[in-house]
Amino acid sequence: MAKLQNVRGTYDLYGEAKRKMKKVTSVGSEVVEKYGFEEIETPIFEFTEVFSRNLGETSDVVTKEMYCFEDRGGESLTLRPEGTAGVARSFISEGMQQNLPVKLYYSGPMFRYERPQKGRQRQFTQFGCELLGVETPQADIEVIAMAYEFLEKLGLTGSVTVEINSLGDRESRDAYREKLVAYLKSRYDELSEDSKTRLERNPLRVLDSKEECDKAVVEGAPLYKDSLNEASAAFFNAVLKGLDNLGIKYKVNDRLVRGLDYYSHTVFELVTDKLGSQGTVLAGGRYDGLVEQMGGGKVAGIGWACGVERLSMLLEADVSLPRPIAVIPVGEDVNDKAVEIAYQLRRAGFRVEHGYSGNLKKRMMKANKVNAVKAVIVGSDELSRGEVTLKDLDSGAQKNVALDKIVEELR
Ligand code: ATP
Ligand code: MG
């Protein structure tokens, strides 16, 4: 019989890894909620078109990485490879444009058929946010500040750099595309077969090719910054000035582009040198054309998404839970009372462990094993006087406490 195992590129998450991921998403929610973002949960699968039409038909994600399937009704569906397209779809189908700006965040699994390696999985988790309906650079500044504060709260700003670039507006991009095509044609023979096709269909995609031969060509490619029109350059300067003003350090990376078609103007990545070539922990940008392209109105948008696994791998210390209280009955006849005391303590907010079985010694060992801070020892003699024994497991000191004073004593 074949060995029972999970699918390549997927992981069972539990223990320390899960605790760290939960910390990343809970710190993330806490931060973005302060900026007025509300959580949205869209379905894990959508009609394939939601992604294929909007991420770019020639993007790596669409051409190579999507999990598409036909359901029993013959519909072509796709497990979401990213969050923005689904949120934009929901924004349109739920009629949210009535109430701009709309600020949404999400977290959950994404699926991409990639070659699994450290920090690159086939099912992974993203936490992300989308701000829709704001055209001014204030939106860019705010969402980047939010990403920065998020990493700061995780204690990671020391090992992470903010890289930023501008792709400009439609006019600038068209001007850029022309220069790029001329350049790529001049080095046509050096390009990979994939990139030769990209050159025909969507030359901008050559810029994020992962093929070594393409990378060498891209090194010498024209830069977006030389094609920005006045308005786009002014927009980018306003964003940078805003970040300076907040004291957020960044590095302009002229070579930074994003792998999906819907980006314009500001693009940014938060990058660490600690995860090898999987160093981008958070990435995002402006996507002013996306909602319109999907059939909604002309609504500006900007957002980012982080890889929760990659971020949690950077957290050094395990996430500590509060030390529990151990409730320990001495003898069968006080079991029920012990259960009752544990219930009361939990309802009063304490984390309580109950040894479930065994004599006093065994249960004390279990209490130490779970690193309990105190033990509430329930014996029938004490109980008949309305008391229990409270033992400090660090110092060993113990004293009798009236039943109705336990909570007070523990606080
Ligand atoms: P990469 O260049 O590493 O492939 P990407 O540009 O495809 O990243 P995005 O689509 O911008 O990634 O997704 C945002 C974030 O999600 C990434 O910065 C990364 O942290 C995380 N991420 C993307 N793909 C994966 C994956 N296969 N496994 C784990 N995390 C991922
Ligand atoms: Mg990728």
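The values are calculated or read from the model by the stated rules, or taken from the named source; none is laboratory data. Keep in mind that this is a model prediction, so the values were computed, not measured. In this analysis, Cβ positions are derived from the backbone assuming ideal geometry, glycine residues included, and neighbour counts consider all displayed protein chains.
For the reader, a short list of remarks on this structure follows.
- Taking the listed residues Ser90, Ser26, the one that is under 21 Å from the mean Cα position of the chain (by Cα), among the small types (Gly, Ala, Ser) and more than 21 Å from Met313 (Cα to Cα) is Ser90, with no other qualifying.
- Residue list for region 285-314, restricted to those being in a strand (DSSP E or B) and within 14 Å of ligand 2 (Cβ to nearest atom): Ala305, Cys306, Gly307
- Looking across region 372-398, the residues that are touching a helix residue (DSSP H, G or I) at 6+ places or on another chain (Cβ under 8 Å) and assigned to a loop (DSSP other than H, G, I, E, B) come down to Gly386, Leu393.
- Extreme residue, nearest to Arg89 (Cα to Cα), among residues of region 263-284 that are within 15 Å of ligand 2 (Cβ to nearest atom) and more than 17 Å from the chain's Cα centre (by Cα): Tyr263
- Residue check for Val257: more than 18 Å from Arg53 (Cβ to Cβ) and surrounded by fewer than 19 Cβ atoms within 10 Å (Cβ to Cβ): no
- Selection of region 41-83 for residues being among the polar types (S, T, N, Q) and under 22 Å from the mean Cα position of the chain (by Cα) yields Thr42, Asn54, Ser59, Thr78.
- Pairing residues of region 188-217 that are modelled with pLDDT of 90 or more with residues that are loosely packed, with under 13 Cβ neighbours inside 10 Å and among the aliphatic types (A, V, I, L, M), at Cβ distances under 9 Å and at least 6 apart in sequence or on separate chains, gives Glu190/Ala216.
- Pair list, Cβ under 8 Å, 6 or more apart: region 60-85 residue over 30 Å from Leu282 (Cβ atoms), other residue of a type in the set (Gly, Ala, Ser) and in a strand (DSSP E or B): Glu70/Ser76
- Count of residues meeting criterion [outside any helix (DSSP H, G or I) and at negative phi] in region 329-359: 11
- Leu104 vs. criteria buried (at least 21 other Cβ atoms within 10 Å of the Cβ) and assigned to a strand (DSSP E or B): yes
- Restricting region 237-289 to residues that are under 26 Å from Arg177 (Cβ atoms) and of a type in the set (Asp, Glu) leaves a set whose member that is modelled with the highest pLDDT is Glu269.
- The selection criterion, being assigned to a loop (DSSP other than H, G, I, E, B), over 27 Å from Glu38 (Cα atoms) and small (Gly, Ala, Ser), does not hold for Ala175.
- The residue that is farthest from Val24 (Cα to Cα), among those in region 314-359 that are surrounded by 14 or more Cβ atoms within 10 Å (Cβ to Cβ) and in contact with an Asp or Glu (Cβ under 6 Å, 6 or more places away or on another chain), is Ala326.
- Answer residue from region 131-166, given it is among the acidic types (Asp, Glu) and away from ligand 1 (no atom under 13 Å from the Cβ) and is nearest to Gly296 (Cα to Cα) among those: Glu135
- Annotation: of all residues in region 58-98 being more than 16 Å from ligand 1 (Cβ to nearest atom) and among the polar types (S, T, N, Q), the one that is surrounded by the most Cβ atoms within 10 Å (Cβ to Cβ) is Ser90.
- Cβ separations smaller than 9 Å between residues 6+ apart or across chains give the following pairs from region 3-17 residues that are aromatic (Phe, Trp, Tyr) to residues that are within 15 Å of ligand 1 (Cβ to nearest atom): Tyr11/Ala17; Tyr11/Gln121; Tyr11/Gln123; Tyr11/Phe124; Tyr11/Glu309.
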